Amino acid sequence: VRPASALGLEASLIDEGTPLIGGGAQVFPAGTTEFSRSEQLFCYFELYTSEGAGPANVHLRILDKTGAPKWDSGTAQLGPAEGGKAMIPVGLNVPITSLPSGYYRLEAMAKDGADKPAIQAMNFAIK
């Protein structure tokens, strides 16, 4: 076994420093994108806002492999960034118990208080 740093990996990729905490829970990254319906699936992301901007919001949805929507969170307003920071950590439970086995895409759409949009997506499978 060799240290990851000896393999030339960037320190931020192997650092176990800052925990991922959002929505009152600490989230641990999974080493897979395959889940069973009995597991809890959480997503974590960080939304950066402009100083003095209004409230930010987030909207999640799950699409099947054809692009058909299977779940929609609706739009939720986020609380302000804490401690004068520009970053709002977001950790959310994603309901997968009712999804049949198959391939899906989770989309997270966010807008900061200045109404600047950002979209991130990840593919995952239910076994």
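Comparing T18, T66, T32 in a Gaussian network model of the chain, where Cα atoms under 10 Å apart are tied by springs, the biggest mean-square fluctuation is seen for T18.
For Y48, the residues whose modelled amide H falls within less than 5 Å of its own, excluding neighbours fewer than 5 places apart on the same chain, are I88.
Over the chain, give the accessible area per residue in Å² for a 1.4 Å probe, as an integer.
On the way: 8570 Å² over 127 residues.
Per residue, the chain has 68 Å² of solvent-accessible surface.
Please compute the length gained on full extension between M122 and R37, using 0.36 nm multiplied by the number of residues separating them and subtracting their Cα-Cα distance.
Numbers: separation 85, 0.36 × 85 = 30.60 nm, distance 1.73 nm.
Fully extending the segment from M122 to R37 adds 28.9 nm.
Of the solvent-accessible surface of the chain, computed with a 1.4 Å probe over protein heavy atoms with every protein chain present, carbon and sulfur atoms account for 53 percent. Measuring max minus min along each principal axis, the C-alpha atoms of the chain give extents of 45, 44, 24 Å (largest first).
At most 13 other C-beta atoms within 10 Å and a DSSP loop state: those are the exposed GluC sites (Glu not before Pro) I care about. Give me the longest piece of the chain that has none.
Numbers: sites that count: E10, E16, E39, E51, E82.
Within the chain, the longest run free of exposed GluC sites (Glu not before Pro) spans 83-127.
The values are calculated or read from the model by the stated rules, or taken from the named source; none is laboratory data. Everything numeric in this text was worked out from a predicted model, so none of it was measured. Cβ: placed from backbone, ideal geometry, glycine included. Neighbour counts: every protein chain shown. Quick note on the areas: whole protein, heavy atoms, side chains included, nothing else; ligands and nucleic acids left out. Shrake-Rupley method; radii C 1.70, N 1.55, O 1.52, S 1.80 Å.
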